[in-house]
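S.K.: Below you will find the structure I want to go over with you.
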Amino acid sequence: MKKVYVEGYGCVLNSADTEIIKNALREEGFEIVDELDRADIAVINTCVVRLETENRMIYRINELKNLGKDVVVAGCLPKALKEKVKGFLHIYPREAHKAGKILKTYIKSGKRVEGLEDDKSLHKKLNYINSSLITPLPICEGCLGHCTYCIVKIARGNLISYPREKIVKKAEELIKKGTKCIFITAQDTACYGFDRNDNLANLLNDLCSIEGDFIMRVGMMHAKNVEEIIDELIEVYKTDKVGKFLHLPLQSGDDEILKKMRRGYTVDEFKEIVNEFRKKVKNLCFTTDIIVGFPGETEEQFENTLNILKELKPDYIHGAKYSQRKGTEAAKMKQVDTKIRKQRSEILDKLRRELSYLNNKKYIGKKLKTLILEEGKGYTENFKVVKFEGGSIGNFKKVKIVDAKTFGLVGKII
């Protein structure tokens with residue numbers, strides 16, 4: 001059977017899909033190789049969240065083609081912007097677990113199998129996830145949002161939550177096989193279960209009941225959906241097996257821009273959620289996302305964003321210049337000059353570094369339960385990266401924090 005090289009880009013959810021694709025190919029007899037020069041076929045699992053990323057993906061696809069490889073384009077790019085990758089075999093996000101069947105049929109017949117995006121069997125993607133020290137665990141596909149700037153919605157569609165019992169069963173299997181850290185992942189983890197009379201708090205409670213020494217990091221959550229389940233969610237966040245990590249994108253600190261983005265919450269509502277979590281969850285690591293230069297953003301509106309960030313002081317800020325994405329509503333709006341976007345991005349970057357360092361300094365002298373990822377490096381109980389001397393991979397140890405860096409901590413194993 002042919003040798004296949006697979007490379008993936010993008011978010012944690014896409015990383016999970018990359019592994020699913022590899023295992024689906026193995027199931028159909030393909031040999032997965034780690035070296036590109038040994039491969040007959042190259043599969044690239046793409047990300048398309050930003051224009052720069054899209055350009056990078058297209059450059060890489062052409063690079064692989066020019067190396068004489070048969071190229072298969074998987075992931076968000078072919079689903080959202082099919083015309084950009086004409087002439088290549090496509091595997092869409094909801095078909096990752098059927099990658100082997102798609103490629104095998106294509107090789108035999110020269111035709112692509114259609115009609116494989118079956119929402120009812122999507123949870124079968126879980127069967128193609130293998131255990132590792134840190135394992136991404138998807139809990140749903142798509143989302144309930146209608147953000148005006150988002151191309152990922154076009155690529156991944158509306159919410160389809162996996163059955164709770166299937167996720168719990170998979171988690172049990174992973175933990176038995178040695179997983180110590182589960183990354184609960186989705187486009188929006190907070191809307192999990194809203195399509196099946198269930199919710200994220202119920203799922204996390206069931207996962208916490210699994211025996212074993214492990215920790216979970218809950219992935220990105222949309223604030224408007226957190227509001228629906230905040231009390232139950234905070235309760236489960238207090239348990240030992242849920243990491244004290246809250247990834248809650250603000251995107252803008254101005255209500256008018258939030259409305260244009262169609263985010264579904266106000267700045268005050270967002271602040272209430274963060275403050276409630278901080279009040280009740282000890283050592284919370286709060287991470288947020290900000291888009292600067294959204295269409296129509298004035299200098300005053302940008303300043304509003306900076307002021308809210310100074311008030312909330314996130315542990316980490318993922319900052320991004322607004323990127324015009326084809327097929328989205330925001331792409332048709334009046335755009336902010338690229339030079340202004342760049343300037344605002346530089347200002348934001350300076351602030352995020354200052355705030356990150358200020359937050360990290362607060363941990364000096366604290367003792368935190370830490371998962372050792374490799375010799376001299378680990379994740380604390382709130383998913384800050386800490387460096388130290390020694391340590392045995394896969395063990396949990398108490399680490400005393402002795403110093404702080406801009407984007408990490410320095411500690412000593414107790």
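S.K.: Return the aspartates and glutamates within reach of residue 387: Cα separation strictly under 19 angstrom, same-chain partners fewer than 8 residues apart disregarded; answer none if there are no such residues.
M.R.: Output for residue 387: 315, 374, 375, 403.
S.K.: Just how far, in whole angstrom, is segment 266-312 from segment 232-251 if you go by their alpha carbon centroids?
M.R.: Using only Cα atoms to place each centre, the spacing works out to 17 Å.
S.K.: Take the alpha carbon atoms of segment 283-322, find their radius of gyration, then divide it by 2.2 N^0.38 Å using N residues; give the quotient.
M.R.: 1.23
S.K.: Among 150, 133, 251, which residue has its Cα positioned farthest towards the positive end of the charge dipole of the chain, with +1 placed on the Cβ of Lys and Arg, -1 on the Cβ of Asp and Glu, and the dipole taken about the Cα centre?
M.R.: It is 133.
S.K.: Hey, another quick one. As a test of understanding, state the convex hull volume per residue of the chain from its alpha carbons, in Å³.
M.R.: Output value, Cα hull per residue: 143 Å³.
S.K.: Roughly how large, in nm² to one decimal, is the mean projection of the convex hull of the alpha-carbon atoms in segment 1-62?
M.R.: Average projection, Cα convex hull of segment 1-62: 4.3 nm².
S.K.: Could the peptides 147-153, 329-335, 115-121, 97-103 be put in order, highest first, of the mean number of other beta-carbon atoms found within 10 Å of their residues?
M.R.: Ranked from most to least packed, the peptides come out as 97-103, 147-153, 329-335, 115-121.
S.K.: Per the chain: cysteines with no other Cys C-beta under 4.7 angstrom?
M.R.: Lone cysteines by the Cβ rule: 11, 47, 76, 140, 143, 181, 191, 208, 285.
S.K.: For n ≥ 4 DSSP H runs only, could you compute -39500 (n - 2.57) per run for the chain, divide by its residues and tell me the 222 nm figure to the nearest 500?
M.R.: Computed mean residue ellipticity for the chain: -11500 deg cm²/dmol.
S.K.: As an exercise, find the ratio Rg/Rh for segment 87-141 from alpha-carbon atoms, using the Kirkwood inverse-distance average for Rh.
M.R.: 1.03
S.K.: For every other residue with a beta carbon closer than 9 angstrom to the beta carbon of residue 325, add +1 if it is Lys or Arg and -1 if Asp or Glu, then tell me the sum.
M.R.: +1
S.K.: Next question, about the same structure. With +1 on the Cβ of every Lys and Arg and -1 on the Cβ of every Asp and Glu, and nothing else charged, how large is the dipole of segment 177-265 about its Cα centre, in debye rounded to the nearest 20?
M.R.: Around 380 debye, computed over segment 177-265.
S.K.: With viscosity set to 0.692 mPa s at 37 °C, what whole-number translational diffusion coefficient in µm²/s follows for segment 118-200 from Stokes-Einstein and a Kirkwood radius over Cα pairs?
M.R.: This corresponds to a translational diffusion coefficient of 245 µm²/s.
S.K.: Something else: Looking only at the chain, where both bridge partners belong to it, what percent of the DSSP beta bridges are antiparallel (to the nearest 5)?
M.R.: Given both bridge residues lie in the chain, the antiparallel proportion sits at roughly 35 percent.
S.K.: Related question: Enumerate the whole-percent occupancy of each 10 Å bin, from 0 to the last occupied one, for all C-alpha pair distances of segment 176-297.
M.R.: That works out to 12, 43, 31, 11, 3, 0, in percent per bin.
S.K.: If you don't mind, another one. Out of 288, 298, 185, any idea which swings most in a Gaussian network model of the chain, alpha carbons joined below 10 Å?
M.R.: Of 288, 298, 185, the most mobile in the Gaussian network model is 298.
S.K.: If I stretch the segment between residue 366 and residue 38 completely, what's the gain in nm (0.36 nm per residue apart, minus their alpha carbon distance), one decimal?
M.R.: Full-extension gain reported as 113.2 nm.
S.K.: Still on this structure, please answer the following. Given Cβ point charges of +1 (Lys, Arg) and -1 (Asp, Glu) and nothing else, what value in debye, to the nearest 20, does the dipole of the chain about its Cα centre take?
M.R.: Taking the Cα centre of the chain as origin, the dipole is about 760 debye.
S.K.: Counting residues in segment 1-132 as N, plug N into 2.2 N^0.38 Å and put the Cα Rg over that result.
M.R.: The reported ratio for this selection is 0.97.
Since every read-out is calculated from the coordinates, none of them should be taken as a lab result. Because the structure is a prediction, the values reported are computed rather than measured. Glycine gets a Cβ as well: all are built from the backbone with ideal geometry, and neighbour counts include every protein chain shown.
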